1. Could you work out how far the C-alpha centroid of segment 164-204 sits from that of segment 9-34, in angstrom?
2. If the viscosity is 0.692 mPa s and the temperature 37 °C, what translational diffusion coefficient in µm²/s does Stokes-Einstein give for segment 185-307 when Rh comes from Kirkwood over Cα pairs?
3. FRET efficiency for K274 and E153, Cβ-Cβ distance as r, R0 = 45 Å, nearest 0.05?
4. Please report, as a whole percent, how much of the solvent-accessible surface of the chain comes from carbon and sulfur atoms (probe radius 1.4 Å).
5. Could you give the length gained on full extension between A313 and E161, defined as 0.36 nm per residue of separation minus the Cα-Cα distance, in nm?
6. Rounded to the nearest 20 debye, what is the charge dipole size of segment 1-103 about its Cα centre when +1 sits on each Lys and Arg Cβ and -1 on each Asp and Glu Cβ?
7. Each label point is 7 Å from the Cα along the Cα-to-Cβ direction; what then is the distance between the points at L42 and D179, in nm?
8. In debye, nearest 20: dipole of segment 126-219 around its Cα centre with unit charges on the Cβ of K, R (+) and D, E (-)?
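The values are calculated or read from the model by the stated rules, or taken from the named source; none is laboratory data. It should be emphasised that the depicted structure is a prediction, and the values quoted were computed from it without experimental measurement. Methodologically, a virtual Cβ is constructed for each residue, glycine included, from the backbone with ideal geometry; neighbour enumeration extends over all protein chains shown. Protein only, heavy atoms only, side chains kept; ligands, DNA and RNA dropped before computing areas. Shrake-Rupley method; radii C 1.70, N 1.55, O 1.52, S 1.80 Å.
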Amino acid sequence: MELQLQSPLDMHLHLRDEEMLTTVAPLSAQSFCGAIVMPNLLPPVTTREALLAYKERIVSAIGDNQFTPYMTLFFKPDYSREFLESMADVLTSIKLYPAGITTNSEGGLSGFDIDELRPTLSAMSDLGIPLCIHGESNGFVMDREAEFVPVYEMLASNFPELKIIMEHITTQDSVKALDKYDNLYATITLHHLLITLDDVAGGMLQPHLFCKPIAKRYEDREALQRVALSAHPKVMFGSDSAPHPQDAKEAPGCAAGVFTAPIALPALAELFDKHDKLDNLQAFVSDNARRIYGVEPLQKSVTLVNEPMSIPAKYDTVVPMYAGQTIGWSISDITTKSSSDE
Ligand SMILES: [Zn+2]
């Protein structure tokens, strides 16, 4: 069996910086035609200079691959309308982190005071800049996302023209919120479609499956699968592929993040095939994102076949999901249409 995907997009990706960037950027840039790149570097990306410099480092790290890094800024409540207007030509969205909720988010937002946020969010809404949110409270780890849903709803109802993307949703509560507000959208990761908390901590602890938000219950995974496999028009694939060196994962104080970029498309094909939904994968990994973000991606055609892929134990210092195992689908061909072919 064979499946052709046109211009697959990863709408939530961590590329990091320096050596790690050099290792992981080509692994996304081979099979994806573009990705929304997260800004949680140290220090976070908050200025035009930092954003353009980071974009340049990404472009140099991907080598000959045809790939568009869609750049984001780290949300600050004091971005002025003038500043945002001046950034509109270089950024695709702005990412909001509650303070301290995940890797390098210490400078994030510590409260959701609507009056404090109004000037920046109104300007984003007027300028058509989507707001991506890591939606977790600082409550009990299994309840953090559900506790955050009222914040999503408050923002969605106060700024009805602002596109709000609930990033890497993991619960049935978030799935329900999707259909309640026209301006709420969501990304879903590969790993949250595949695993539950049982896979992380039900037996021996699996550090390479430990991430934030933490994987949840079976009924949550089922709700995520339902909207992803049916290519619900408001959900997009966002891997949240988040590399850490092996010694930061296999350590007391394991860093949060699952590295999935190089296996994402074959593993998604395997999942969609298993549920007899291969026809919906194109919408989930590209068409929905193009429509929601209004982007016109590079043309890249990826052919997947149901022949096994052996997943390496490591990519340089990074251990991927399913390291050393075999999955049922693989990539057989990638063709890029360069502008001279048109
Ligand atoms: Zn992330």
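1. Segment 164-204 and segment 9-34 have Cα centres spaced 22 Å from each other.
2. In µm²/s, the coefficient rounds to 213.
3. Computed FRET efficiency for K274 and E153: 0.85.
4. The C+S portion of the solvent-accessible surface of the chain is 48 percent.
5. Full extension of this stretch gives 50.2 nm more.
6. Value, rounded to 20: 240 debye.
7. Using points 7 Å along Cα→Cβ, the separation is 4.4 nm.
8. I would put it at about 180 debye.
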